[in-house]
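Worksheet: the structure to be examined is printed underneath.
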Amino acid sequence: MPAPLKLVLVTPEKTLIDQTVDALRFPLFDGQIGILPGRAPLLGRLGTGELEIEADGTKTSWFIDGGFAQMRGGVVSLLTNRAKPVSDLDPAQAKADLEVALSRPATTEEQLAARQREQDRARSVLALVNRR
Amino acid sequence: MAKARQIVKRLKAVKNIRKITRTMELIATARFKRAMDRATEAAAYTRKLAEIVADLSRANLKFSHPLLDPRPETKRSVLLVLTSNRGLCGGYNAGVLRQATNQLAESARNGEEVELEVSGKRGISLFKFQKRPVERSYTHFDDEVPFAAVEELASRYAADFIAGRIDRLQVAYMQFKSASKQVPVVETLLPLGELGGDVEATADAGVDYDFLPSAEEILEEIVPAAFKAQVFKCFLDATVSEHISRMVAMKGATENAEEMIGILSQQYNRARQTQITSELAEIIGGVAALEG
C-alpha cells in the first residue's frame, strides 16, 4: 500500500487546497494525466482545463489555467496562475470572454498565439460550464 | 473667562484629533494583518517555484532564457515606483520617493533614458510637482492587489525586455524585512539575477523526475512565472509596509495628542484658578472699600 497522496494547489495569491486525496486528474500541456498514490516523481507543465479530485468517495472539480505540476515524495503540488471551483464559473462571462477573444485582431505571430490561448481558455471554461 | 474658553476649544479639537488618529491606527492594524496574511499565503507559491528551480538545476541544465541575459549596456530602462494612494503614513512615501529620485539622477548621469511609471497618488503628485514626465501612472493598486492586474504589468515588461525595447526594469518600493523593519529600496528585476531567491539544499537531493515535456521547456515557462511572482511580491511588500508605517505614524500621533491633552487641561485648570482668585480678590477689595 503506497503512502497516501497529498494535493497542494497554490496560486500566487493563495494556497487553495492542501489535503489528502485518493486520485487526481488534471490537464498537462498535451493532454490529461491521472495520478494515483505512489506515482514516480514528475515535473510537468500544466495545460488549461479541469482538475478533478477524488477524496473520500466524493469528486470535486476545479478549473485551472496553466502553470506547473510537481510530484515528489507523495505530494502533488500544482502551481497555477488562476484556479476556481467549477461551480463558481460564470457561463455568461465565459461566453463574453470567448467573443472578445474571437473578435480580437491579431497581426503578428505573438498576437495570434495569445489570441489562440485566450480562445482555448474560454472554450475550456465554456465546456466545463455546459457539462454542469 | 476669555483665555480659559479658548483653551477649552483647543482641548476639544485635540480630543477629536486623537479620536481620529486612534481610529486610523486601529484600521491600519486590521489592514496590516490582512495584508500580512496575503503576503504569507503568496510566499508558498514562491517557495514552491524555488523548489522546482532547485530541482531543475540538479538536472545539469544550463540556465538560459532571454529574461536572464544581462545587457552589455543599459540604454533604456523603466523605473516603477510604488507609493501609496493615501498619506498620513509617516516617512513611507518620502523614503521610497527619495530612493527613486536618487536612482533617476544616477540614470541621468549615466546617460540612460528612463521611463518613469508610478503607482499611487502620492508619487504621482510629487513627480507632477517636479514636472517630471511620467510614462504611466496607476492608482488602482490599493489594499488587495490582485495577481491578475500585476501579471498584466509584468507580462508587458517581460515582452518589452525580450523585444529589446527596454534593457532594465527597476522597482522602487518599501521592502518588508520584518514587522519592525522596512527599507526603501530600488531593486533591479530585469534582467533577472537569480531565480526564486535562496534555495535551501534539501537532504534528498537528486530526485529522478519525469519531465513533461522536457526540462528545458519547463525552464522556459518557469522563468517568466518566477519574474511575475517577484513583481507581485514587490506589490505585496509595499502594501504591508504601508500599513505598518501608517500604524506607527498614527500611534505616534495619538500619543502626541494625549500628551497635548494633558498639557492643555493643566493650562485650563490654571487659567480657571487664576480667574477665580482674581475675582475673589476683586470682591474682597470691593467689600473692603465699602466698609472703609
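The values are calculated or read from the model by the stated rules, or taken from the named source; none is laboratory data. What you see is a predicted model, and the numbers here were worked out from it, not measured in a lab. Glycine also receives a Cβ, built like all others from the backbone with ideal geometry; neighbour counts cover every protein chain displayed.
Below are the figures for this structure:
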item	result
Verdict on B:Glu115 being more than 14 Å from chain A (Cβ to nearest Cβ) and modelled with pLDDT under 95	yes
Every residue from the stretch B:162-186 that is of a type in the set (Lys, Arg) and assigned to a strand (DSSP E or B)	B:Arg168, B:Lys177, B:Lys181
Matching residues, the stretch A:1-32, being in a strand (DSSP E or B), facing another protein chain (nearest Cβ under 8 Å) and farther than 30 Å from B:Thr239 by Cβ	A:Leu28
Test result for B:Lys121, surrounded by 15 or more Cβ atoms within 10 Å (Cβ to Cβ) and within 14 Å of chain A (Cβ to nearest Cβ)	no
Failed item, numbered, when A:Thr58 is tested on (1) in contact with a helix residue (DSSP H, G or I) (Cβ under 7 Å, 6 or more places away or on another chain); (2) over 28 Å from B:Asp208 (Cβ atoms)	(1)
Residue list for the stretch B:24-56, restricted to those being within 27 Å of B:Asp160 (Cα to Cα) and touching a Phe, Trp or Tyr at 6+ places or on another chain (Cβ under 7 Å)	B:Ala42, B:Ile52
Top-ranked residue in the stretch B:130-156 [being part of a helix (DSSP H, G or I) and within 21 Å of the chain's Cα centre (by Cα); ranked as farthest from B:Ser241 (Cα to Cα)]	B:Glu152
Residue match in the stretch B:243-261 (condition: crowded, with 20+ Cβ neighbours inside 10 Å, within 12 Å of chain A (Cβ to nearest Cβ), in contact (Cβ under 8 Å) with a residue 60 or more places away in the chain and not small (Gly, Ala, Ser))	no
Matching option when the condition is in contact with a strand residue (DSSP E or B) (Cβ under 6 Å, 6 or more places away or on another chain) and either within 22 Å of B:Val150 (Cα to Cα) or at pLDDT below 90 (or both), among A:Leu16, A:Leu36	A:Leu16
Any chance A:Gly67 is free of Cβ contacts under 8 Å to residues at least 24 places away in the same chain and either over 24 Å from B:Ser214 (Cα atoms) or buried (at least 19 other Cβ atoms within 10 Å of the Cβ) (or both)	yes
So A:Ile33, is it within 25 Å of B:Ile222 (Cβ to Cβ), of a type outside the set (Phe, Trp, Tyr) and surrounded by fewer than 20 Cβ atoms within 10 Å (Cβ to Cβ)	yes
Single match in B:Val8, B:Val53 (criterion: modelled with pLDDT under 90 and either closer than 27 Å to B:Glu255 by Cβ or more than 10 Å from chain A (Cβ to nearest Cβ) (or both))	B:Val53
Test: residue in the stretch A:52-68 that is within 9 Å of chain B (Cβ to nearest Cβ) and of a type outside the set (Phe, Trp, Tyr)	yes
Matching residues, the stretch A:91-131, being charged (D, E, K, R) and either in a helix (DSSP H, G or I) or assigned by TED's automatic domain parsing to the domain that holds A:Pro27 (or both)	A:Lys95, A:Asp97, A:Glu99, A:Glu109, A:Glu110, A:Arg115, A:Arg117, A:Glu118, A:Asp120, A:Arg121, A:Arg123, A:Arg131
Any hit, the stretch B:146-154, residues being in contact with a His (Cβ under 8 Å, 6 or more places away or on another chain), surrounded by fewer than 20 Cβ atoms within 10 Å (Cβ to Cβ), within 14 Å of chain A (Cβ to nearest Cβ) and without any contact (Cβ under 8 Å) to a residue 24 or more places away in the chain	yes
A:Leu36 vs. criteria in contact (Cβ under 8 Å) with a residue 40 or more places away in the chain and more than 14 Å from chain B (Cβ to nearest Cβ)	no
